[in-house]
Structures are given as C-alpha cells and as structure tokens.
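Any read-out appearing in this document is the output of simple, stated calculations on the displayed coordinates, not a laboratory observation. Here the structure is a predicted model, which is why all the values come from computation and not from measurement. Quick reminder, even Gly has a Cβ in these numbers, built from the backbone with ideal geometry, and neighbours come from all protein chains shown.
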Amino acid sequence: MEELKEKLKAQLIEQLNLEDVEPSDIESSEPLFGDGLGLDSIDALEIIVLLEKEYSIKIEDPKKGKEIFASIDTLAEFITKNQN
Amino acid sequence: MDIFINSISAISPVDSFNQENLLLQTPEMVDGWYKCIEPDYREIIDPRKLRRMSKAVKMGVTTGLKALNDADIANPDAIIMGTGIGCILDTEKFLQQLIDNDESLLNPTAFIQSTHNTVAGQIALLIGCNSYNFTFTQKTHSFESALLESKMLMNDGEANTVLVGGIDETTNNTVALMQRAACAQSDKDAGYVPGEGSSFFSLSNEKGTNNIAKLIDVSVKYGIDTTKDLERALQEFLVKNGLEFNDIDLLLSGNNNSESKWYNAVNDCLSLEKLVISYKDYCGEYDTASSFAMWLGTKLIHEQDAQKVLIYNTDEGYSHSFILLTKC
C-alpha cells in the first residue's frame with residue numbers, strides 16, 4: 001500500500017503539473033481538495049482519467065468521487081479494493 | 001476622438017520584456033525559427049495558477065498584466081485580443097491525445113486551454129474583470145481587428161480604458177508544416193523565418209502625463225489588385241488623418257525578406273529617404289506580428305525621435321493593413 005501511495009503522489013504531480021511540489025511534500029492523509037493540496041474540479045476530471053488509464057478503474061457512481069478523492073490514503077484504498 | 005497609449009509590454013525573440021531602453025539585436029534562430037525570450041513567470045504569476053497555463057497563456061497573461069500595472073489600471077473597461085492560431089501548443093497536445101488514446105480518455109486541461117480566447121479570459125479571471133472581453137481571430141489581421149474594435153468602443157463612449165493585445169505562439173510542428181507547404185525557410189535570406197510573440201497595450205481616451213504615444217488610426221483593406229490601388233489606398237488613409245506621404249518619418253514594414261511588390265510600392269510612396277525598419281527581422285513572421293511592430297513604434301516614439309510612424313503589413317496582397325502612431 002505504501003508503494004502505491006508514493007506512486008500516486010508522483011503520478012498526481014506529473015499529471016496535474018504541480019510545480020515545485022515533491023512527493024515528500026504531500027501528506028498521505030491531507031485533503032487533496034480545498035485547504036490541503038488545493039486541487040479543483042478540473043483536477044478531479046484529470047484524476048478520473050488517470051484512474052481509468054493507469055489502473056483501468058472506472059468510477060461508476062460520481063457521487064462517491066468526493067469520498068474517494070479525499071486524500072492519497074482514500075485514493076490508494078479505493079484502487080486496492082477495485083483493481084483486478 | 002484621440003486615443004492614447006499609456007503603457008506597452010511585449011515578450012518577443014529580442015528580450016523585450018525586461019528592457020528599460022530599446023535595444024534591438026538580431027534574434028538567435030533555434031530549430032529554424034525565432035523563439036521568444038521568456039521571463040521567469042513564477043515571479044509574476046501565482047505558481048498554483050501557472051501550472052495549467054501553456055506558453056501562449058503565460059506570455060499573454062504576463063504582458064497583459066504588466067501593461068495594466070504600468071498604466072495603473074486595475075480593471076479596464078474592455079479586454080480585446082487578436083490571435084491568428086491561438087493556443088496551438090495545447091491544441092496539438094489535445095489532438096495528439098486523440099490519436100494516442102484512440103479518441104477516448106482525454107485529459108480535459110489541454111482541451112480547455114486550447115481555445116483562442118483563453119488568454120483574454122485568463123487575464124479577466126486573474127483581475128476579476130467582468131467587462132467586455134473579446135478575441136478576434138482573422139489570420140494576419142487579427143490584431144488590427146482588435147485595434148479597430150478598441151477604437152470603435154472608445155469612439156462610441158462604451159469604454160474609456162481598453163487593454164488590447166496580439167499574441168501567437170509557434171511550435172516545431174507548426175514550423176514543420178509551414179516548411180512542408182514551402183512557405184517558411186530556416187535560412188533567413190532564402191525566405192521568411194517563423195516567429196512568435198505577445199504584445200499588449202493600455203489605451204485611454206484621456207490626455208494625461210502618462211500618455212506615451214497616440215494611436216491615430218488603423219485600417220484593413222481588401223480587394224486591392226494593383227500596386228497603384230495600394231498607393232491610392234495609402235494616400236486616402238493618410239489624407240483622412242490630415243497627412244501626406246512626406247509627413248511619415250518612419251515606416252515599420254512587414255517585409256519578411258521576400259521580394260514583394262506590395263512592400264516595395266509602399267517604400268516607394270514614402271520615398272527612400274525615410275527610415276524603413278523591417279520589423280519581422282526581430283520578431284519573425286507570425287499572424288499578429290504587427291502587434292510587435294506597434295510595440296516597437298511606440299518605443300521609438302516615446303524613447304527616440306520618431307514623430308509619425310506608419311506600420312504596413314500584408315499577407316501576399318490578400319489584405320493590407322495600416323496602423324498610424326504619432327507623438328502625443
């Protein structure tokens with residue numbers, strides 16, 4: 001799980017073009033949206049594409065997005081549960 | 001109505017952004033074209049906002065904000081822009097993703113940023129400007145159209161201050177396509193060199209101590225078949241503004257190293273004794289290169305002895321544009 005979290009941090013930095021941010025700067029439990037990393041709705045779309053492209057996971061219920069994308073911890077947990 | 005230029009800002013291949021005083025040097029050609037010398041954007045734009053901006057957006061926002069700042073205008077009555085090919089880098093990214101991902105799983109950012117009006121929209125978002133916002137895209141006369149619109153808005157009393165600019169970015173793919181179509185050369189003496197740039201201007205209809213030049217008139221002519229017709233059109237343009245050929249003391253010519261009867265005709269009208277600068281020697285050829293010429297003309301009026309400057313540009317005779325600037 002820790003390895004997946006580190007990989008996710010690196011992927012988010014690259015995909016969302018987070019300038020001057022290193023994987024070590026992101027706390028796994030900190031909120032990705034709002035106060036934490038400060039991501040927004042366009043970033044949420046980018047993460048949906050990333051999940052489908054890199055992990056072949058489709059989010060069937062968009063209402064659950066908020067819960068799934070809350071932090072690196074919740075994202076990693078969701079991937080682990082849903083990956084074949 | 002008099003229209004004054006209160007500030008100018010440009011990012012171009014000649015390091016125009018940080019220049020206190022005008023210093024024109026021949027740009028370095030990289031990959032067969034003139035690339036802009038860009039400032040460190042992180043010193044100007046919030047890095048969190050910078051991450052989604054492509055080169056064109058960064059250049060446009062930076063020059064637009066600087067022009068507003070230098071004119072001490074927090075919120076203009078209008079933001080009007082001209083661009084020929086828009087945010088081509090993000091368009092290429094988006095199209096490449098379409099191919100690579102077999103038309104599925106497309107990242108939204110490149111698509112959102114690829115539209116032509118991204119730059120004017122981003123400037124408005126950053127300064128919280130809800131006023132008139134428009135982007136013209138009419139090939140080589142996109143900037144002239146933006147200027148005409150600015151002039152009309154001010155003449156009609158709908159705006160007192162306008163931020164107007166011209167911007168185009170170039171990519172290696174664009175240059176390769178132009179070379180394949182044999183309309184650009186990497187050898188400067190054999191044809192024209194592609195370029196890019198962003199130039200913005202704060203316009204005002206109020207006379208004041210911060211006026212640096214006057215925008216007298218702008219005109220775009222179509223359907224000119226002969227050089228005689230062009231001479232007549234130029235004469236009419238000058239007479240309309242109370243001038244004759246001999247009154248112009250500097251011609252900024254869009255001649256791009258090609259033997260053009262049109263540019264030669266305008267040179268001949270104004271006589272060879274007049275100073276002629278081929279401005280595309282410094283910025284390269286791109287659809288809104290005349291905005292760089294307006295930056296250069298304003299600089300020469302403000303910092304040197306130029307009194308009446310004429311900017312002439314044509315796209316191989318399809319259309320012709322004149323921009324007239326004078327000292328205040």
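Per-structure values
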| read-out | value |
| --- | --- |
| Test item: Cα-centred dipole of region B:29-106, Lys/Arg +1 and Asp/Glu -1 on Cβ, debye | 200 |
| Neighbouring partner chain Cβ atoms per residue of B:48-56, average, 10 Å criterion | 3 |
| HN-Hα J in Hz across region A:59-65 - Karplus 6.51, -1.76, 1.60, θ = phi - 60°, x for Gly and Pro | 8, 6, 10, x, 5, 7, x |
| Between region A:9-51 and region B:58-83, the alpha-carbon center distance in angstrom | 30 |
| Antiparallel DSSP beta bridges within the protein assembly as shown, as percent of all bridges there, nearest 5 | 65 |
| Under Karplus coefficients 6.51, -1.76 and 1.60, residue-wise ³J(HN,Hα) of region A:43-53 in Hz, glycine/proline x | 5, 4, 5, 4, 5, 4, 5, 4, 4, 6, 6 |
| B:L250 long-range amide H proximity, modeled H, under 5 Å | B:K308, B:L310 |
| Candidates B:K308, B:K240, B:K280, ranked by Gaussian network fluctuation over chain B, Cα under 10 Å, top entry | B:K240 |
| Three-way shape call for chain B based on the alpha-carbon gyration tensor, with the a/c threshold at 1.5 | oblate |
| Calculated from backbone phi, Karplus (6.51, -1.76, 1.60) coupling profile of region B:39-52 in Hz, x at Gly/Pro | x, 7, 5, 5, 7, 10, 10, 3, x, 5, 7, 5, 4, 9 |
| Three-way shape call for region A:2-82 based on the alpha-carbon gyration tensor, with the a/c threshold at 1.5 | rounded |
| Cα centroid of region B:269-328 to Cα centroid of region B:139-185, whole Å | 15 |
| Summed side-chain charge close to B:I37 - residues other than B:I37 whose Cβ falls under 12 Å, Lys, Arg +1, Asp, Glu -1 | -4 |
| Whole-Å distance, taken between Cα centres, linking region B:14-53 and region A:65-84 | 41 |
| GNM top mover of B:P194, B:P13, B:P39 - chain B, alpha-carbon springs below 10 Å | B:P39 |
| The protein assembly as shown, dipole about Cα centre (Lys/Arg Cβ +1, Asp/Glu Cβ -1), debye to the nearest 20 | 780 |
| Rounded to 5, the percent of DSSP beta bridges in chain B classed as antiparallel | 65 |
| Which of B:H302, B:G284, B:I112, positive extreme of dipole for chain B (C-beta unit charges) | B:I112 |
| Cleavage-rule hits (GluC sites (Glu not before Pro)) in region B:93-200: DSSP loop, at most 14 neighbouring Cβ within 10 angstrom | B:E103, B:E158 |
| Equivalent ellipsoid, the protein assembly as shown (semi-axes from 5 times Cα gyration tensor eigenvalues, Å) | 46, 23, 17 |
| Computed over region A:2-82: relative contact order in percent, which uses C-alpha pairs under 8 Å that are six or more apart | 33 |
| Distance violations [Cα-Cα > 22 Å] among B:K228/B:K280; B:K240/B:K327; B:K214/B:K240; B:K49/B:K151; B:K274/B:K299 | B:K228/B:K280; B:K49/B:K151 |
| Cα-based reach from A:K5 at 16 Å (exclusive), listing lysines while leaving out same-chain residues under 8 positions away | A:K81 |
| Unit charges at the beta carbon, dipole of the protein assembly as shown: most positive-side option, B:F143, B:G157, B:S199 | B:G157 |
| Computed helical MRE - 222 nm, chain A, DSSP H runs ≥ 4 contributing -39500 (n - 2.57), nearest 500 | -16000 deg cm²/dmol |
| Simple spin-label estimate for A:Q83 and A:L4 in nanometres, 7 Å along Cα-Cβ | 0.6 |
| Listed residues B:L125, B:I167, B:Q96: farthest to the positive end of the dipole of chain B (Cβ charges) | B:L125 |
| Residue-averaged 222 nm ellipticity for chain B, from DSSP H runs of 4+ at -39500 (n - 2.57), nearest 500 | -10500 deg cm²/dmol |
| Three-way shape label, region B:89-173, alpha-carbon gyration tensor, a/c 1.5 | prolate |
| Among beta bridges that DSSP assigns inside region B:213-326, antiparallel share in %, nearest 5 | 65 |
| Highest-fluctuation residue, B:Q235, B:Q96, B:Q113 considered, GNM on chain B with Cα pairs under 10 Å | B:Q96 |
| Net charge over other residues, Cβ less than 11 angstrom from the Cβ of A:P31 (K, R count +1; D, E count -1) | -3 |
| Size of charge dipole - chain B - debye, nearest 20, with Cβ of Lys, Arg +1 and Asp, Glu -1, no other charges | 460 |
| Net charge, B:C328 excluded, C-beta distance under 11 Å - Lys, Arg +1, Asp, Glu -1 | +2 |
